[in-house]
Amino acid sequence: MFHARSFKHCKACGGAVMYQVPADDNRDRATCTLCGLVHYENPLNVVGTVPVWRDEVLLCRRNIEPRYGLWTLPAGFLELGETTAEGAVRETVEEAGARIELEGLYTVLNVVRVGQVHLFYRARLLDTEFTPGPETIEAQLFAEDSIPWDRLAFRTVRETLKRFFEDRQRGQFGMHCADVG
Ligand SMILES: [Zn+2]
């Protein structure tokens with residue numbers, strides 16, 4: 001079972017934290033040894049898009065760690081105060097400087113090992129003017145036969161692209177939920 005164990009000090013009083021099962025609970029929680037505050041840790045949402053222009057997909061080359069220099073779909077952590085759709089659009093603007101119109105939710109991928117859920121929306125690019133942000137070295141359109149499969153940054157990106165091209169071949173886009181190791 002995945003444990004982040006990211007807390008060392010209490011958020012409220014700065015006291016030392018110990019992982020233990022609180023009363024009426026059934027798993028270890030970061031519990032403050034001074035004030036007793038229990039810190040709950042839950043999976044994070046990563047939201048992104050599959051931006052499409054004609055038969056090409058937009059990928060971004062990462063200018064940051066992890067996976068510096070590798071290619072990804074535009075995606076990032078969902079922020080408080082925004083919907084998954086808003087977050088997906090924001091990340092696409094921030095990373096690729098691309099103008100898009102969202103289509104349907106496309107993949108929901110559990111990455112239990114790292115405590116994340118990745119959600120990708122299909123999106124239509126409104127033009128091909130890209131102005132990548134500081135997290136991106138370059139943003140580029142790729143046809144299916146030129147996708148850099150061996151230089152993709154994340155397995156969820158690979159899974160999403162694989163399904164996208166399979167669905168496009170079939171002429172029908174479903175919605176896919178899967179677990180990624
Ligand atoms: Zn405390």
Legend entry - Globularity ratio of the range 1-76, using Cα Rg and 2.2 N^0.38 Å: 1.72
Inset, instruction - Quote to one decimal, in nm, the extra length available between L80 and N45 on full extension: 0.36 nm per residue of separation minus the C-alpha distance between them. - result: 11.5 nm
Inset, instruction - In whole Hz, with x marking every Gly and Pro, tabulate ³J(HN,Hα) for the range 165-181 from phi via Karplus 6.51 cos²θ - 1.76 cosθ + 1.60, θ = phi - 60°. - result: 6, 5, 5, 5, 4, 6, x, 8, 9, x, 10, 10, 10, 8, 10, 10, x
Legend entry - Inter-probe distance in nm under a simple model that places probes 7 Å from Cα toward Cβ, at L105 and K162: 2.3
Legend entry - Degrees, to the nearest 10: 84-96 long Cα axis against longest axis of the chain: 60
Inset, instruction - Taking amide H positions as placed in the peptide plane 1.01 Å from N, state which residues far from N45 in sequence (5 or more) or on other chains have amide H under 5 Å from it. - result: L78, V117
Inset, instruction - With label points built 7 Å along Cα→Cβ from the Cα atoms of A12 and D150, find their separation and express it in nm. - result: 5.5
Legend entry - Inverse mean reciprocal Cα-Cα distance (Kirkwood Rh) of the chain, Å: 17.9
Inset, instruction - Quick one: among E103, E82, E56, which has the greatest mean-square fluctuation in a GNM of the chain with alpha-carbon springs under 10 angstrom? - result: E82
Legend entry - Rel. contact order, % - alpha carbon contacts under 8 angstrom, at least six apart, the chain: 22
Inset, instruction - For the range 59-149, count the residues as N, evaluate 2.2 N^0.38 Å, and divide the Cα radius of gyration by that value, please. - result: 1.07
Legend entry - Computed [θ] at 222 nm, deg cm²/dmol, the chain (DSSP H ≥ 4; -39,500 (n - 2.57); rounded to nearest 500): -5000 deg cm²/dmol
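Read-outs throughout are calculated quantities, based only on the coordinates presented, and are distinct from any laboratory measurement. All values reported here derive from a predicted model rather than from experimental measurement. Here the Cβ is made from the backbone with ideal geometry for all residues, glycine too, and neighbour counts use every protein chain on show.
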